[in-house]
């Protein structure tokens with residue numbers, strides 16, 4: 001794991017701007033060529049899948065499940081009896097853990113719910129209206145992610161969404177148990193871009209949704225990007241990233257463990273340490289190498305550590321904070337003395353984790369906030385997946401006649417200034433006493 005010294009070198013290393021950058025390995029490009037019989041970019045392949053599903057519906061979904069995932073699907077929807085069996089197939093301690101997570105997530109998002117308000121004197125207010133139908137995506141390649149189901153579906157249900165559907169390429173017992181705990185209404189055995197297409201356009205089996213949420217691979221992200229406007233999306237999630245901001249008081253063993261917890265997600269994951277302590281930096285590098293050898297996913301973690309991992313040593317915490325804000329990480333962990341002091345100075349982060357008792361890994365599962373957080377520097381303008389994603393804020397205007405007469409002249413003048421005479425006339429007719437109760441005269 002490389003070490004970089006100084007603010008300017010750190011800034012050069014971490015410099016980036018928000019953007020949707022698609023990079024796929026050559027092996028994926030070869031796989032695309034095999035599937036489509038042509039040399040296509042990932043974006044072109046996704047557009048073909050979307051258009052095909054939009055045209056042929058279920059037939060296309062089954063074909064791509066067979067061609068891409070090697071699965072023969074007769075029924076796309078997972079029957080309810082499989083949901084009921086899910087809990088019986090899980091160890092009791094895992095069922096308890098899922099229940100603990102569900103309770104924490106539900107409680108957190110209930111506390112986040114905004115309220116409608118109305119000011120009769122001023123004649124305005126706001127209604128909070130939930131979306132009607134939402135589609136969620138849960139990844140499921142080599143591993144199952146029941147935590148993603150809980151952290152996507154529970155805030156939607158707390159927000160009051162009428163119908164929540166879930167698409168996943170791996171509807172195993174863990175995923176189905178989480179879906180039932182979270183209140184999901186329907187589950188479909190679908191993955192990849194074709195799942196996004198099904199939810200965006202609707203098919204004979206899959207209902208069209210109003211919004212699609214949840215993380216996935218590059219093809220899922222490209223599909224979400226392409227269907228935005230047909231439906232809403234929560235965001236475009238890239239590889240996970242964590243920044244540890246530490247002083248000399250931090251434990252190097254735990255710092256290394258936290259970095260590796262992110263590195264094992266994905267070969268493209270970004271684990272970073274910003275510190276004011278050269279001694280800590282040296283110890284962490286040694287400890288990362290020591291702990292790597294004991295990981296089941298050592299190969300993945302090593303590729304991420306060697307590719308994107310780094311330690312930046314700076315002179316002051318002010319410099320470290322400036323680097324963190326510029327990088328705008330998905331996760332920012334403050335491993336410093338009195339971390340609460342520094343929270344008001346953090347401008348750009350998907351989530352902030354304070355001290356060694358609040359590691360990011362606990363945020364992945366049971367802390368409460370959703371672990372779906374903005375990546376790729378989009379924390380500059382985006383927020384974690386929460387109830388706000390599933391609500392519409394609808395303004396309501398209800399003026400009294402007195403307030404209308406007070407504000408009306410300004411509205412009429414602004415209509416004149418913009419060259420919109422009918423606007424001004426509609427206002428002045430009210431101000432000048434036009435009798436709106438008068439019946440129109442016939443011929």
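Computed from the coordinates by the stated procedures, all read-outs in this text should not be read as laboratory data. Note that the structure is a prediction, hence the values are computed from the model and not measured. Using ideal geometry, Cβ is built from the backbone for each residue, glycine included, and neighbour counts are taken over all protein chains shown.
If Rh is defined by the Kirkwood formula over all Cα pairs and Rg also comes from Cα, what ratio Rg/Rh do you get for region 26-69? Don't jump to the answer; show the numbers that get you there.
Numbers: Rg = 10.5 Å, Rh = 10.7 Å.
Computed over Cα atoms, the ratio is 0.98.
Whole angstrom only: what separates the Cα centroid of region 351-410 from the Cα centroid of region 93-167?
13
Roughly what % antiparallel, to the nearest 5, for the DSSP beta bridges in region 80-235?
Values: 3 of 18 bridges.
Roughly 15 percent of the beta bridges in region 80-235 run antiparallel, per DSSP.
State, as an integer percentage, the relative contact order of region 80-235 based on alpha-carbon contacts under 8 Å between residues 6 or more apart.
On the way: 263 pairs, mean separation 35.9, N = 156.
After rounding, I find 23 percent.
Give me 233, 212 sorted ascending by neighbouring Cβ count inside 10 Å, so fewest comes first. Intermediate values should be presented prior to the final figure.
Numbers: 233 22, 212 26.
Ordered from fewest to most neighbouring Cβ atoms within 10 Å, 233, 212 come out as 233, 212.
Using Cβ contacts closer than 10 Å as the measure, can you line up 403, 115, 157, 224 from fewest to most?
On the way: 403 15, 115 6, 157 20, 224 27.
Lowest to highest Cβ neighbour count: 115, 403, 157, 224.
Considering only DSSP beta bridges whose two residues both sit in the chain, what percent are antiparallel, to the nearest 5? Walk me through the numbers before you get to the answer.
Numbers: 11 of 49 bridges.
Counting DSSP beta bridges with both partners in the chain, the antiparallel share is about 20 percent.
Normalised by the residues of the chain, what does the relative contact order come to in percent, with Cα pairs under 8 Å and at least six apart? Mind showing how you got there, number by number?
Numbers: 843 pairs, mean separation 85.8, N = 443.
With pairs under 8 Å counted, the relative contact order is 19 percent.
Mind telling me which of 296, 77, 55 comes out most flexible in a GNM of the chain, alpha-carbon contacts under 10 Å?
Judging by the Gaussian network model, the answer is 296.
Take region 80-235, compute every pairwise Cα distance, and split them into 5 Å bins from 0; I just need the percent in each bin.
That works out to 2, 10, 18, 20, 19, 13, 9, 5, 3, 2, 1, 0, in percent per bin.
Would you mind checking the tilt of helix 317-327 against the longest principal axis of the Cα atoms of the chain, expressed as 0 to 90 degrees and rounded to 10?
Around 60 degrees separate the two axes.
Write down the Å³ per residue value for the convex hull defined by the alpha carbon atoms of region 250-338.
Values: hull volume 7.9 nm³, N = 89.
Spelled out: Cα convex hull of region 250-338, divided by residues, is 89 Å³.
Mind sorting 315, 258 by how few other Cβ atoms lie within 10 Å of their own Cβ, fewest first?
On the way: 315 11, 258 26.
So the ranking, lowest neighbour count to highest, is 315, 258.
Using only the alpha-carbon atoms, what does the chain span along each of its principal axes? Please give whole angstrom values in decreasing order.
So the three principal-axis extents are 93, 59, 48 Å.
Using just the helices of the chain, give the 222 nm mean residue ellipticity in deg cm²/dmol: DSSP H runs with n ≥ 4 each add -39,500 (n - 2.57), and the total is spread over all residues, rounded to 500. Intermediate results must be reported in sequence, preceding the final value.
Numbers: 17 runs with 198 residues, N = 443.
The helix-only estimate for the chain comes to -14000 deg cm²/dmol at 222 nm.
Could you state the angle between the C-alpha long axis of helix 252-263 and the longest principal axis of the C-alpha atoms of the chain, as a value from 0 to 90 degrees rounded to the nearest 10?
60
Once a ≥ b ≥ c are taken as the square roots of the eigenvalues of the Cα gyration tensor of region 314-383, is the result rounded (a/c under 1.5), prolate (a/b larger than b/c) or oblate (a/b not larger than b/c)?
Note, shape of region 314-383 comes out oblate.
Rounding to the nearest 10 and keeping the result within 0 to 90°, find how far the Cα-based axis of helix 42-56 lies from the longest principal axis of the chain.
So the helix axis and the longest Cα principal axis differ by about 50 degrees.
What fraction of the Cα pairs in region 83-130, stated in percent, has a spacing above 18 angstrom?
Everything past 18 Å amounts to 59 percent.
Compare 334, 259, 292 in a GNM of the chain, Cα atoms joined below 10 Å, and give the one with the largest fluctuation.
In this elastic network of the chain, the residue with the biggest mean-square fluctuation among 334, 259, 292 is 292.
Taking Rh as the Kirkwood radius, which is the inverse of the mean 1/r over Cα pairs, what is the Rg/Rh value for region 369-426?
On the way: Rg = 20.6 Å, Rh = 15.5 Å.
Reported Rg/Rh (Cα atoms, Kirkwood Rh): 1.33.
What three numbers, in Å, describe the spread of the alpha carbons of region 289-443 along their principal axes, ordered from the longest?
93, 36, 29
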